[in-house]
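Here is the structure we will look at, set down as structure tokens.
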Amino acid sequence: MSHIVGKSAYKSLEERLNRFPQGAPPSKTLYNILSILFSEKEAALVAQLPIKPFTVKKAATIWKMSEKEAKNILDTLASRAILIDIAQKGVQTYILPPPMAGFIEFSMMRTREDIDQKLLGELLYQYMNVEEDFIKDLFYSAETKLGRVFVNEDALEKTRIAENSISANTLDSLVQVLDYERASYIIETSEHMGISMCYCRHKMQHVGKACDAPMDICMTFGNVANSLINNGYARRVDKIEGKDLLQLAYDNNLVQCGENVREGVTFICNCCGCCCEALVAARKFGMLHPVETTNFLPKIDQNTCVNCGKCFKICPVNAIKKVEDKYEVQEELCLGCGVCARGCFKNSILLMPREKKILTPVNSVHRSVLMAIEKGTLQELIFDNKALFSHRAMAAILGVILKLSPVHKIMASKQMKSIYLEKLLKN
């Protein structure tokens with residue numbers, strides 16, 4: 001009987017997770033992962049939680065228990081980084097993050113004794129790197145990407161000072177970079193910053209495939225960082241140390257992949273091409289970019305290039321090929337990170353603007369609405385059957401929809417089949 005109850009609980013939890021725009025395709029491996037992270041009782045309870053942030057009172061109502069009992073459970077889950085707990089204006093709220101970037105990553109962002117991390121690492125490798133359904137769903141199921149690449153600022157600076165190669169007027173247009181495109185700006189402006197162990201390299205460590213890139217270099221920001229810090233899954237760092245760690249990432253040719261938003265970035269991963277899932281996927285699936293590219297492309301000056309091959313060796317996604325006797329950038333594969341430009345000792349690689357400007361969602365609501373429309377799950381964001389949507393949240397989502405392109409508006413309208421929404425779109 002307990003086996004049947006357990007299976008039902010984890011199935012319900014899997015269905016709850018797949019109400020996110022980024023979900024978790026079911027498999028036996030997924031259920032094994034969930035059984036390590038959640039007890040059967042916890043799985044059954046978490047499966048009932050809303051998509052949106054909720055209070056202790058809301059959880060207690062859903063679970064039909066006292067607020068004291070509900071708070072104990074919620075705080076226990078937050079202490080294991082399954083839930084994120086946020087205090088705003090004196091009100092404690094909780095949210096279940098998606099599997100990725102979320103509680104699956106958090107589970108491996110420190111060493112711990114309460115679970116079998118070796119087994120978990122092996123299961124995650126099987127689920128992410130062997131079965132691939134999760135990775136394909138995470139990175140390729142929507143046009144709007146969960147993550148984006150931040151341009152290497154050292155490479156931009158090398159372009160900026162290359163005044164002997166290009167005219168000053170042209171140079172100014174080349175190196176123009178917006179604040180939200182710089183990882184240093186996120187570090188400078190975030191209220192909280194936490195540093196944790198790299199989930200990807202930690203996972204690979206347990207299957208004997210980790211590289212020697214820095215391990216304690218995963219960056220989180222804002223309320224997410226504060227929750228992870230308070231629960232022992234990250235250590236608090238100031239802006240000076242944050243920038244030092246960013247420089248360490250540059251020195252190790254790591255790529256900064258962060259949340260695909262302009263405002264309120266919650267994470268920046270410092271990724272290697274051998275362990276980190278986004279870059280491994282980029283190598284495997286080529287021009288189907290798993291994360292959004294930067295607005296830049298490297299250009300090799302064949303007049304000064306000495307064909308040393310360093311750019312070929314350090315490109316994290318194999319976007320540089322040797323064609324006859326010359327190295328060339330395969331633009332359809334390139335993420336525009338700038339690692340190659342930074343590493344060129346001859347300054348023969350400069351970052352140039354892409355012909356087509358990359359558009360970045362304003363915030364997480366904007367991105368989630370776009371992803372939900374593209375995946376056909378918009379109704380899950382608006383009509384959450386576990387909690388009534390607040391007028392404020394509804395206004396935020398509808399506000400995003402009203403600013404979308406005509407094609408996205410039509411897709412949203414068809415999904416909702418709502419006379420109210422159709423009237424809003426027409427007006």
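Only aspartates and glutamates eight or more places from Lys203 in sequence, or on another chain, were considered; those with a Cα closer than 16 Å are Glu105, Glu113, Asp116, Glu122, Glu131, Glu132, Asp212, Asp216, Glu277. For the chain, the longest principal axis of the alpha carbon atoms and the long axis of helix 391-402 meet at an angle near 40°. Size of the stretch 2-111 from its Cα atoms: along the principal axes, largest to smallest, the extents are 41, 30, 29 Å. Each residue of the stretch 84-95 was assigned a 3J(HN,Hα) from its phi angle through the Karplus expression (A = 6.51, B = -1.76, C = 1.60, θ = phi - 60°), giving 9, 9, 10, 9, 10, 6, x, 10, 8, 10, 10, 8 Hz with x at Gly and Pro. With neighbours defined as other Cβ atoms within 10 Å of a residue's Cβ, the residues His192, His289 order from fewest to most as His192, His289. Computed from Cα positions, the angle between helix 67-79 and the longest principal axis of the chain comes to roughly 30 degrees.
Shape analysis of the stretch 242-297 yields a ratio of the Cα radius of gyration to the Kirkwood radius, Rg/Rh, of 0.97. Here the alpha carbons of the chain define both size measures, Rg and Dmax, at 22.5, 76 Å. Anything over 19 Å Cα to Cα? Flag those among Lys299/Lys357; Lys375/Lys414; Lys284/Lys346, in the order listed. Lys284/Lys346, as the Cα separations exceed 19 Å there. For the stretch 189-285, the Kirkwood hydrodynamic radius from C-alpha pairs, put into Stokes-Einstein at 4 °C and a viscosity of 1.567 mPa s, yields a diffusion coefficient of 94 µm² per second.
Taking square-rooted eigenvalues a ≥ b ≥ c of the alpha carbon gyration tensor, is the stretch 15-54 rounded, prolate or oblate, where a/c under 1.5 means rounded and, failing that, a/b exceeding b/c means prolate? Here the stretch 15-54 falls in the oblate category.
Under a Gaussian network description of the chain, with springs only between Cα atoms under 10 Å, the residue in Cys198, Cys337, Cys211 that fluctuates furthest is Cys211. Among the lysines of the stretch 13-165, pairs that are 8 or more positions apart or on different chains and have alpha carbons within less than 26 Å of each other number 26. Other residues whose C-beta falls under 13 angstrom from the C-beta of Cys276 contribute a net charge of +3, scoring Lys and Arg +1 and Asp and Glu -1. Taking the alpha carbon gyration tensor of the stretch 221-352, multiplying each eigenvalue by 5 and rooting it gives semi-axes of 31, 16, 12 Å, largest first.
Only the coordinates and a few stated rules stand behind these numbers; no lab work does. Not measured: the values here are computed from a predicted model. Here Cβ is always computed from backbone atoms with ideal geometry, including for glycine, and neighbour counts include all displayed protein chains.
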